[in-house]
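None of the figures in this text is laboratory data; all of them are computed from the coordinates on show. In this text the structure is predicted, and so the values were computed from the model without any measurement. Please note: Cβ atoms are built from the backbone with ideal geometry, for glycine as well, and neighbour counts cover all protein chains shown.
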């Protein structure tokens, strides 16, 4: 997610800073030159907006945009009923805080927006869709590559995988 966010910002030609509280994961260390840490970085920033790829975001005087990707914590999974209930209570509280504190709240797709609107009807009017940036490494395969992949699966052209 962070990689795609950085790629999209670069593609748009915008300036950016990455704020972190801890160490960057190994796959994100390529962005180290853009990384700033702690309250001093937030106090000296020239940014207009803080965009968090998560519902939680740093305390900052900047206008904050938070991302709520989905309502998966509210959906049934393999956890016990008590664990699911606790997870749902925490998710609802966190999501309400996000909507109260953020200048804007975004999600990745229209489908996610519909599900979030059903779960949080009073909050959804402020929710906007910002589609994910397509990774430039994703390209349609050539015909030979496509045909070989289909043949390996025992399929013929005409399928969308």
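Springs join every pair of Cα atoms under 10 Å in this Gaussian network model of the chain, and among 76, 53, 140 the largest mean-square fluctuation is at 140.
Structural descriptor for the chain: relative contact order 18 percent, calculated from alpha carbon pairs under 8 angstrom and at least 6 residues apart. Comparing 26, 136, 55 in a Gaussian network model of the chain where C-alpha atoms under 10 Å apart are linked, the largest mean-square fluctuation is found at 26.
The equivalent ellipsoid of the chain has semi-axes of 32, 26, 16 Å, largest first, where each one is the square root of 5 times an eigenvalue of the Cα gyration tensor. Between 126, 95, 107, the GNM of the chain built on Cα springs shorter than 10 angstrom shows 126 fluctuating the most.
Projected label points at residue 144 and residue 45, each 7 Å from Cα along the beta carbon direction, are separated by 4.9 nanometres. The slack between residue 17 and residue 110, meaning 0.36 nm per residue of separation minus the straight C-alpha distance, is 30.7 nm.
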